[in-house]
Every structure is written in C-alpha cells, then in structure tokens.
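Below: one structure, written as structure tokens.
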C-alpha cells in the first residue's frame, strides 16, 4: 500500500477505528506509520546475565508509551520498586483496554479529560483480585513526573492528571512526589547541553520528532534519578566507564517484544551488588527505529556509571496493531477475545516479561 493516506485508513480499519476523525497525534503513540530502519541480519546476542543486583534499590523510568508502561509496572509490583519516573504520559490505566479511549482521552482530550474515579475503582477491584500490589506498598513509592508544556502528542493536562492520581495514593505526596512541567518543551526525553549525543541525534526542544531526544538543556536523567534515589555522585568523564551490551529477549517471550534488548553495565558492577534502573523507550524510540541513540544518549548511563547502577533497556517492536513499536498501555498484546484485557496488571504479558528480566538480573550468577 504505497499511498500514505490509504495506509492510514487501512490501519484504522484494522484497529476498529472509524476512517474519519483519526487524530493526527495518535500516529505517534499507537497507529503511526513510523520510519523503521531496514532489517539487518544479526547474530543472536547472549542471554541476559545474572548479576546479583540489589533487590531493594530498583527504579523504573519511561517516556511516552514507556511512561505509561513504567506506571503499570510500578502499580502492579510497588514493593519491588523504590522509585518511578514518568515523562510525557498520563494517568495509570487511562485507556481502560480501549484504543478509542487511548487516542481520545489519554493523548489528546477531544473526548474529554479522563475521569479518575473509574480508574480508582479499577485499582480497588484489581487489589481485591491480587492483580496489583498492596496500597501500603504503593504509598511508599518515590515518584518523579515530567511533562513538556508544549507537548502536542500527550496533552500536558494528562500529566497533571497523573500527578493528581499519585497524590491520592502516596502517603506523603509533598515529600515523595516531584512534578516538573517545562515551558517551551515538546514531546520526548530532554537531555543536557553537554550531552555527548551527536547534534544530528537531537530533536528541537519544542518541536520534538525524529529521535525524541530533546535539546532542551535539561538533564532529565540526573534530575529523575536524584529525586528517586537521593543525592548522587555527578558524572565525570573518567566515571563513564561501562559496557553497553545487547541481549536476547527470546527468553522473555511476550507479544510485542523485539528480538534483542540492551543493558548498560558499569565496570564497577560486573561483580554484582549494584542497583538497577529500568528505562522504557517511547514509541518510535526503540532500536528498530533510531538505532542505539536512546540507549546510548539518554544520559542515564553516565549517572549509572558514577553511582553503581545498571540500566536495563528492554525493547518493544513494531507490528500491524502497533506500527510504532510502542509499549502496551492499551491492551494490544493481550488475547483478542478478552473484553477487558489485563495488560495493566500483574498478568499482563509485557508486564510479566519485564519483571522476569528484573528477576534475572537480581539472581546470583549460579542460579538456575
């Protein structure tokens, strides 16, 4: 199908959407055509290693669809995380398993803002069914939220709704929750002015697009990790020693996962005992679309190397129901016969796969 408009209509039909009225911004998080790189034959990478990482100092941070997935992961297993960082995403369970809601209330708000009370009821129901973590464990999280004030993909109002949601959940929100809305910033992941990323890898701060690494002169990696884990050692050129390795994701079979993920391991962590941060890319930000730009230049690796943290970069892949390689925050990866997909619970296929990766990294090297 060579005509872009015709292809968009075909994707809308496949997703059960009306042909007319498809929001343009929806193309970024869900039904976008994307610009995936040509497939290149590659050797199968090694398995994800067992590194005996500390189980009591784990954080997860994500942007856009990765932000939605990061929240799903932390709400499902709050006792397993010390901190949660979310960039450019809206409230937990916003889509409620509906692509129509995902597009109309969780990116733009042309269907009105999301109503937080049904989401609270969904959370209470999940707790009673042991599908998410205890309220007490959720109340103990530290949370960092960022949104660009000029974001035209996920409306800033949705980030404010996520903050409101967490203020109701956290035990002491004034002490545990940090919310930043940057005027003049668009949709993506901001990086510092002294980032080692090549200029061509950066997108305009306000406009976004391309790699979605925003040249906003904002070290969001350092700000987020500093809030979630306390005072950290600033990165120094000499402290950036570490290795970025690819690993085989086939061990963690789940619909929507790419063949390979990435792992940054500081030299000081090769013997184990370090902490872990899980970083979830946004739509069109995976290695399939932008190569290793995000996994090398998010800023997380520099902070990790200076503070004995390993960074796990799982990878989603594109498909017909998910052309931009988004994480599953609306239910596409669950069984098509489920009227109410459990993607946002402990039983979600991608959530389960991500937790299995974390458990592998926290296992001793000689564990089975």
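The values are calculated or read from the model by the stated rules, or taken from the named source; none is laboratory data. All of these numbers come straight from a predicted model, not from anything done at the bench. Heads up, the Cβs are rebuilt from the backbone with ideal geometry, glycines too, and the neighbour counts pull from every protein chain shown.
Selection over segment 325-357 of residues that are in contact with a strand residue (DSSP E or B) (Cβ under 7 Å, 6 or more places away or on another chain) and at pLDDT below 95 gives a count of 1.
Do we have residue 139 as under 25 Å from residue 309 (Cα atoms) and surrounded by 20 or more Cβ atoms within 10 Å (Cβ to Cβ) here?
No: the conditions fail for residue 139.
Highlighted here are the helices (runs of 4 or more DSSP H) found entirely within segment 246-362 that include at least 3 residues which are within 15 Å of the chain's Cα centre (by Cα) and within 28 Å of residue 208 (Cβ to Cβ): 349-362. When every residue of segment 155-163 is checked against the conditions, none turns out to be under 18 Å from the mean Cα position of the chain (by Cα), within 30 Å of residue 267 (Cα to Cα) and surrounded by 15 or more Cβ atoms within 10 Å (Cβ to Cβ).
One residue stands out in segment 288-309 among those that are in contact with a helix residue (DSSP H, G or I) (Cβ under 7 Å, 6 or more places away or on another chain) and surrounded by fewer than 24 Cβ atoms within 10 Å (Cβ to Cβ): the one that is farthest from residue 84 (Cα to Cα), namely 293. Taking the condition farther than 22 Å from residue 168 by Cβ, part of a loop (DSSP other than H, G, I, E, B), modelled with pLDDT under 95 and touching a helix residue (DSSP H, G or I) at 6+ places or on another chain (Cβ under 8 Å), does residue 40 pass? Considered against the rule, which asks whether it is farther than 22 Å from residue 168 by Cβ, part of a loop (DSSP other than H, G, I, E, B), modelled with pLDDT under 95 and touching a helix residue (DSSP H, G or I) at 6+ places or on another chain (Cβ under 8 Å), residue 40 comes out as no. What's the total number of residues in segment 79-119 that are touching a strand residue (DSSP E or B) at 6+ places or on another chain (Cβ under 9 Å), under 28 Å from residue 213 (Cα atoms) and in a helix (DSSP H, G or I)? Residues meeting the conditions: 0. Only one of the numbered conditions (1) over 30 Å from residue 292 (Cα atoms); (2) surrounded by fewer than 19 Cβ atoms within 10 Å (Cβ to Cβ); (3) without any contact (Cβ under 8 Å) to a residue 60 or more places away in the chain is not met by residue 130, and that is (3). Answer with yes or no whether residue 120 is touching a helix residue (DSSP H, G or I) at 6+ places or on another chain (Cβ under 9 Å), more than 22 Å from residue 219 (Cβ to Cβ), touching a residue at least 40 places away in the same chain (Cβ under 8 Å) and surrounded by fewer than 17 Cβ atoms within 10 Å (Cβ to Cβ). Criteria met by residue 120.
Being under 21 Å from the mean Cα position of the chain (by Cα), farther than 30 Å from residue 269 by Cα and buried (at least 17 other Cβ atoms within 10 Å of the Cβ) narrows it down to one residue among 97, 85, 149, 66; which is it?
97
Annotation: of all residues in segment 94-117 being in contact with a helix residue (DSSP H, G or I) (Cβ under 9 Å, 6 or more places away or on another chain) and at positive phi, the one that is modelled with the lowest pLDDT is 112. Residue 245 satisfies every condition listed in (1) surrounded by 14 or more Cβ atoms within 10 Å (Cβ to Cβ); (2) closer than 30 Å to residue 115 by Cα except (2).
For segment 184-195, the criterion of being more than 27 Å from residue 323 (Cβ to Cβ), modelled with pLDDT under 95, touching a helix residue (DSSP H, G or I) at 6+ places or on another chain (Cβ under 7 Å) and not in a strand (DSSP E or B) is met by at least one residue. Candidates are the residues of segment 164-179 that are outside any helix (DSSP H, G or I) and surrounded by 16 or more Cβ atoms within 10 Å (Cβ to Cβ); the one that is farthest from the chain's Cα centre (by Cα) is 170.
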